[in-house]
Amino acid sequence: MSTKPCRTTTSDSSSSSTSVHVTALDGLVNVNSLFTIAVFVGISLTTPGQHSLENKGVCDAGPDVAKRLFSFEVVSFSFFLFSSLVAQGLKLTIILLNSKDVDEAFRVHINLKVLRLGMMASAAGSVMGCVFLVLSMVNAIEIRLGLLSCGSEYAVGAVAALVTLVFSGILVYVSTAIYSFKY
């Protein structure tokens, strides 16, 4: 991003443009915060040696499933943290650069390519965080309801609903993000 001020004919368009970006970045950080809370709830509810509700013994998840769950939770948290830090950095840059000049007729030139790249990196971090959160939730379902390989109708139904709804949401999120950057 360039720190070189440039004169604009209407300060409202520059101001509203950067405020839209700041608002979008705020939204991304808020959503990441909610997902991060979900990660910690998932970690806190995992106890070693827990028996599934199926009570079949052979369908109980072993320690490898709990290890994968914990690993996926940490990776998910890492992606959400990455996404939030990139978004906060972009937001901070926009706000600080625009606050340098007290004269409203002057606004800094924000390199839109760098801004879009940062926003896309932040969005990609959120998407990857969601993917790993879903993987951890599948493991949590297996711990609570039994292994998917045992064919528990509750486990299979819960995983099917989770995967279908979350990946549909991710598809909408990615497509709208790409569409918004084209125009």
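The values are calculated or read from the model by the stated rules, or taken from the named source; none is laboratory data. What you see is a predicted model; the values in this text were computed from it and never measured. Glycine also receives a Cβ, built like all others from the backbone with ideal geometry; neighbour counts cover every protein chain displayed.
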If you check every pair at least six apart or on different chains, which have Cβ atoms under 8 Å apart with a residue in segment 163-182 that is more than 18 Å from Gly129 (Cβ to Cβ) first and a residue that is at pLDDT below 95 and of a type outside the set (Asp, Glu) second?
Phe181/Arg116; Phe181/Met119; Phe181/Met120
With (1) surrounded by fewer than 16 Cβ atoms within 10 Å (Cβ to Cβ); (2) over 21 Å from Val138 (Cα atoms); (3) touching a Leu at 6+ places or on another chain (Cβ under 7 Å); (4) at pLDDT 65 or above as the list, and Leu53 as the residue in question, which single condition is left unmet?
(2)
Pick from Ser152, Ser136: which is polar (S, T, N, Q), farther than 22 Å from Phe72 by Cα and touching an Asp or Glu at 6+ places or on another chain (Cβ under 7 Å)?
Ser152
Have a look at Ala124, Ala66 and point out the one that is at pLDDT below 90, in a helix (DSSP H, G or I) and among the aliphatic types (A, V, I, L, M).
Ala66
In this structure, is Val166 modelled with pLDDT of 85 or more and surrounded by fewer than 16 Cβ atoms within 10 Å (Cβ to Cβ)?
yes
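Restrict the check to segment 103-114 and report whether at least one residue is β-branched (Val, Ile, Thr), in a helix (DSSP H, G or I) and either surrounded by fewer than 16 Cβ atoms within 10 Å (Cβ to Cβ) or under 16 Å from the mean Cα position of the chain (by Cα) (or both).
Yes: segment 103-114 contains one or more residues that are β-branched (Val, Ile, Thr), in a helix (DSSP H, G or I) and either surrounded by fewer than 16 Cβ atoms within 10 Å (Cβ to Cβ) or under 16 Å from the mean Cα position of the chain (by Cα) (or both).
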Out of all the residues in segment 134-175, which are among the hydrophobic types (A, V, I, L, M, F, W, C) and not in a helix (DSSP H, G or I)?
Leu147
Conditions (1) out of contact with any Asp or Glu (no Cβ under 6 Å at 6 or more places or on another chain); (2) modelled with pLDDT under 90; (3) among the polar types (S, T, N, Q); number of the one not met by Ser76
(2)
Checking the structure you have, find out if any residue of segment 83-105 is under 30 Å from Cys130 (Cα atoms) and modelled with pLDDT under 75.
no
